[in-house]
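Asker: Below: one structure in C-alpha cells.
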Amino acid sequence: MMLKISHVRHLLLVTLLSISCSQVANAEPITKLTISVNGIRHQKGEICFRIYAGEKGFPMKNTSEVKSGCAKIIGNSVTKSFSGLKPGTYAVAVVDDQNGDRKLNTDFLGIPKEGFGLSKNPTVSMLTGTPKFRDASFVVNKNTKIDIFLKYSLDP
C-alpha cells in the first residue's frame, strides 16, 4: 500500500512538472512598446494613446484597439510604455486631449480641432485623407520604441 501511494505521488509530481514546463515553452514572449510623443503645444490635458492590431476602426474608433491609455502632459513631450503585446504588427494613434473626452474632436468637415499623431508619422491632408493602417503600421518585437510627432493642422 505504501509503495502504491509513493508511486502515485511520483506520477502526480512528474505530471505537474511536465504541465508547468509545457506552459513555459508555449508562453508568448513578453514585449514592451515605448511611445514618445513630441511637439506638444499645451501644458495642460493629456496625451491619449490607442494601439491597434488591425485596420478595422483605425485610427478613429476602438474596434481593433488592443491597448489604450493616457498620460498627463508635462513639458513638450510625453513617453508611455505598454507591456504584454504579442509580437506582431500594430499601429498607434495619439490625441492631445484638451477637453478630457479621450477622443479626437473634429469640425463638421472632419478636420481635427485637437493635436493628433500616428505611428510612422504619415502625411495627413485633404488630398491624402485619413491614413490607412498599412501607412502607420510597424512590427513590435521584444523592446520596440517609436516616436510620434503631433500635428495641430493638416499637412499642406
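Derivation of every value follows stated rules applied to the coordinates shown; laboratory data play no part. As the structure is a prediction and not an experimental result, all values here were calculated from the model. Using ideal geometry, Cβ is built from the backbone for each residue, glycine included, and neighbour counts are taken over all protein chains shown.
Asker: Under 25 Å Cα to Cα from Lys113, which lysines show up? Leave out anything in the same chain fewer than 8 places away.
Answerer: List returned: Lys44, Lys56, Lys61, Lys67, Lys72, Lys80, Lys103, Lys132, Lys151.
Asker: Separate question: 5 Å is the cut-off here: which amide hydrogens, built 1.01 Å from N in the peptide plane, fall below it relative to Gly88, excluding neighbours closer than 5 in sequence?
Answerer: Sorted by chain and number, the residues that satisfy this are Val140.
Asker: Among 99-108, 82-91, how do they line up from the highest to the lowest mean number of other beta-carbon atoms within 10 Å?
Answerer: Listed from highest to lowest mean packing, they are 82-91, 99-108.
Asker: Just need the relative contact order of the range 36-130 here, percent rounded to a whole number, with Cα pairs under 8 Å and 6+ apart.
Answerer: Relative CO of the range 36-130 lands at 29 percent.
Asker: Would you please report the Å³ per residue occupied by the convex hull of the alpha carbon atoms in the range 32-149?
Answerer: In the range 32-149, the Cα convex hull volume per residue is 95 Å³.
Asker: For the residues Val140, Val95, what sequence is obtained by ranking on other C-beta atoms within 10 Å, fewest first?
Answerer: If I rank by nearby Cβ atoms, fewest first, I get Val140, Val95.
Asker: Most exposed first by the Cβ proxy, i.e. fewest other Cβ within 10 Å, how do Thr63, Thr31 rank?
Answerer: Ascending number of Cβ neighbours within 10 Å: Thr63, Thr31.
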